[in-house]
Amino acid sequence: MEVEKNEAVDLLKSEIPFEWDPELVLTREVEAGRPVGLVLVDEVNGFCTVGAGNLAPTQPNKQIEKMIQESNKLAKFFSDKGWPMFVFLDTHFPDKPEPPYPPHCIIGSGEENLVPELEWLEKDPNATLKRKHCIDGFLFCTKEDGSNAFADWVNKFQIKTVLVLGICTDICVLDFASSALSARNVERVPPLEDVVIYSEGCATYDLPVHVARNIEGALAHPQELMHHMGLYMAKGRGAKIVNSVSLI
């Protein structure tokens with residue numbers, strides 16, 4: 001079964017490949033007059049901590065563990081440099097479902113809070129935390145007067161490049177990146193130029209076919225395949241996709 005799954009991943013990657021963009025060198029970007037902002041998407045217990053909820057992993061997951069490790073490393077670097085960070089936390093009201101997903105990250109459950117490794121961001125002066133109750137974080141940042149909290153953050157710090165990490169690669173990360181890029185294209189989020197997604201800092205969930213078949217209404221969601229699809233789709237929207245980020 002494992003061999004067949006690996007073959008399927010390899011086949012998909014050969015049929016819809018994409019080229020990696022050059023390594024993002026953070027200090028070089030900033031020194032070149034291209035301020036960088038770090039965006040972390042939904043690295044909360046409900047999606048990342050084993051057994052924490054309906055959409056949390058049921059056992060340790062290497063892809064998710066790697067995402068948290070890379071996110072923590074980069075966030076600490078940004079904090080040390082005094083560079084800006086924008087942190088989304090998926091947070092829902094119990095009486096407002098988000099179909100087709102089961103209840104998750106309900107306020108007060110603990111699922112809606114950052115994973116233990118990233119809890120320090122709650123008190124970091126360089127981090128702007130934003131709780132959201134829809135998939136698309138950029139859309140959620142739109143205020144009643146038409147302004148946008150994320151666009152305001154970009155403008156405040158004159159950010160030209162946003163580096164995006166988080167979960168899920170093919171859902172919340174993809175939707176946020178797509179909307180931010182569309183807004184950039186119509187000059188709604190100046191001075192933003194590039195949305196960069198770091199593949200090793202992203203993850204998605206794993207729901208194999210044989211498991212999904214036993215869950216009414218569930219769609220199979222093989223992790224490696226959907227991770228690749230998320231990156232591929234983001235690339236098609238205009239994002240830069242890197243598999244390496246250098247601090248200096």
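The values are calculated or read from the model by the stated rules, or taken from the named source; none is laboratory data. Just so it is clear, the model here is predicted, and its values are computed rather than measured. Quick reminder, even Gly has a Cβ in these numbers, built from the backbone with ideal geometry, and neighbours come from all protein chains shown. Areas reflect the complete protein model, heavy atoms only, side chains present, ligands, DNA and RNA absent. Shrake-Rupley method; radii C 1.70, N 1.55, O 1.52, S 1.80 Å.
Figures for the structure shown
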item	result
DSSP-assigned coil residues among GluC sites (Glu not before Pro) in the range 164-213, each with at most 16 further Cβ atoms within 10 Å	Glu187, Glu193
Residue (of Gln223, Leu192, Ala203) at the positive-pole extreme of the chain, dipole from beta-carbon charges	Leu192
Spin-label zone in the range 195-214 - amide nitrogen under 17 Å from a point set 7 Å from the Cα of Lys81 along the C-beta vector	195-199, 201
Between the range 194-248 and the range 1-71, the alpha-carbon center distance in angstrom	7
Equivalent ellipsoid semi-axes - Cα gyration tensor, the range 153-248, angstrom	30, 15, 10
Cβ-defined net charge surrounding Pro94, 13 Å radius [Lys, Arg +1; Asp, Glu -1]	-3
Structure-based [θ]222 nm, the chain - -39500 (n - 2.57) summed over DSSP H runs of at least 4, per residue, nearest 500	-10500 deg cm²/dmol
Net charge of neighbours whose Cβ lies under 10 Å from the Cβ of Ala239, counting Lys and Arg as +1 and Asp and Glu as -1	+1
Antiparallel DSSP beta bridges within the chain, as percent of all bridges there, nearest 5	10
DSSP-loop chymotrypsin sites (Phe, Trp or Tyr not before Pro) across the range 38-108, with at most 13 other Cβ within 10 angstrom	none
Nearest-20 debye value, the chain charge dipole, Cβ charges on Lys, Arg, Asp, Glu	580
Approximate shape of the chain as ellipsoid semi-axes (Cα gyration tensor, √5λ), whole Å, largest first	28, 22, 17
Accessible area per residue, Å², the range 108-148 with all protein chains present, probe 1.4 Å	57
Signed unit charges on C-beta, dipole axis of the range 1-118, positive-most listed residue Trp83, Asn61, Gly37	Trp83
Per residue convex hull volume, Cα atoms of the range 127-190, in Å³	92
Sparse-neighbour loop sites [trypsin sites (Lys or Arg not before Pro); the range 178-231; at most 12 other C-beta within 10 Å; DSSP]	Arg213
